[in-house]
Amino acid sequence: MGLRLVLLGPPGAGKGTLAGILEKELGLSHVSTGAFFRNEIRRRTRLGKAVNRYVSSGRLVPDELVVRVMTRQLARRRKAKGLVLDGFPRTVGQAKGLDAFLIARGLGLDGAVYLDCPTSLLVSRLSGRRVCNRCGSNYHIRTMRPRVAGICDACGGALILRKDDQVKTIAKRLVIDRAKARPLLEFYQQRHLLYRLNGSGGVAQVFQRVRRLMQREGWLHDRIEDGRRD
Ligand code: AMP
């Protein structure tokens with residue numbers, strides 16, 4: 001594993017979109033907890049059944065379960081050029097679980113990047129988001145439209161509104177996130193790993209901000225482009 005980054009921020013801050021670009025442009029491996037859970041739910045696996053009631057109502061899956069399944073996912077990506085974690089950790093308990101996993105392997109995080117956005121923008125991004133019910137690709141009814149309305153460009157699947165993107169659930173998710181976010185940010189701040197970035201604006205703008213940060217910190221050169229594996 002080369003560069004190891006965590007993306008933090010409330011639902012709708014653009015973590016998934018940014019992580020997707022970092023995967024495409026820089027070859028980092030995008031690990032999304034939410035997408036992983038949704039896929040398990042779609043496949044009706046035992047894990048999917050266990051997490052469904054949390055995910056569909058916007059509540060957090062218990063830490064112990066999240067840490068167990070996500071560290072297993074990370075262990076499978078040992079040879080990745082780098083990792084960008086989207087949606088994990090979301091609590092201090094999970095951050096400690098991730099730390100323990102990395103420390104046991106002699107590894108650490110390079111940074112935790114927090115995407116800051118005003119609440120009105122979060123609500124408009126989430127309520128306009130549409131997701132492919134087959135491959136999980138994301139769209140937006142105003143800012144990221146598919147070529148044919150209601151149909152996924154990538155696989156032809158139907159675009160749907162996620163249950164947890166319904167307005168009443170959005171409000172609940174934002175409240176839950178706010179309660180967990182402050183101690184999590186403090187956790188990374190104390191370790192000098194926290195970087196705050198403006199998450200508003202278009203996808204290209206946010207990517208440019210992250211790229212500048214990566215350049216400034218020497219991550220692009222030292223941690224990715226020399227292809228180092230550790
Ligand atoms: P997301 O796609 O990141 O918005 O996640 C969707 C849902 O999956 C969340 O509302 C939670 O129910 C669940 N989830 C995702 N990541 C986590 C996590 N790190 N801890 C607990 N629950 C999570």
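Could you please find all residues in the range 82-114 being within 16 Å of the ligand (Cβ to nearest atom) and in contact with a Lys or Arg (Cβ under 7 Å, 6 or more places away or on another chain)?
If the condition is that a residue be within 16 Å of the ligand (Cβ to nearest atom) and in contact with a Lys or Arg (Cβ under 7 Å, 6 or more places away or on another chain), then Leu83, Asp86, Gly87, Arg90, Thr91, Leu109, Tyr114 are the ones that fit.
I'd like to verify a number: residues in the range 28-56 that are open to solvent by less than 40 Å² (accessible area, probe 1.4 Å) and in a loop (DSSP other than H, G, I, E, B), how many?
Looking only at that region, the number is 2.
For the range 140-190, how many residues meet the condition of being part of a helix (DSSP H, G or I), touching a helix residue (DSSP H, G or I) at 6+ places or on another chain (Cβ under 9 Å), charged (D, E, K, R) and touching a residue at least 12 places away in the same chain (Cβ under 8 Å)?
Summing the residues that are part of a helix (DSSP H, G or I), touching a helix residue (DSSP H, G or I) at 6+ places or on another chain (Cβ under 9 Å), charged (D, E, K, R) and touching a residue at least 12 places away in the same chain (Cβ under 8 Å) in the range 140-190 gives 6.
The values are calculated or read from the model by the stated rules, or taken from the named source; none is laboratory data. Note that this is a predicted model, so its numbers are computed, not measured. Here Cβ is always computed from backbone atoms with ideal geometry, including for glycine, and neighbour counts include all displayed protein chains. Only protein heavy atoms, including side chains, enter the accessible area calculation; ligands, DNA and RNA are left aside. Shrake-Rupley method; radii C 1.70, N 1.55, O 1.52, S 1.80 Å.
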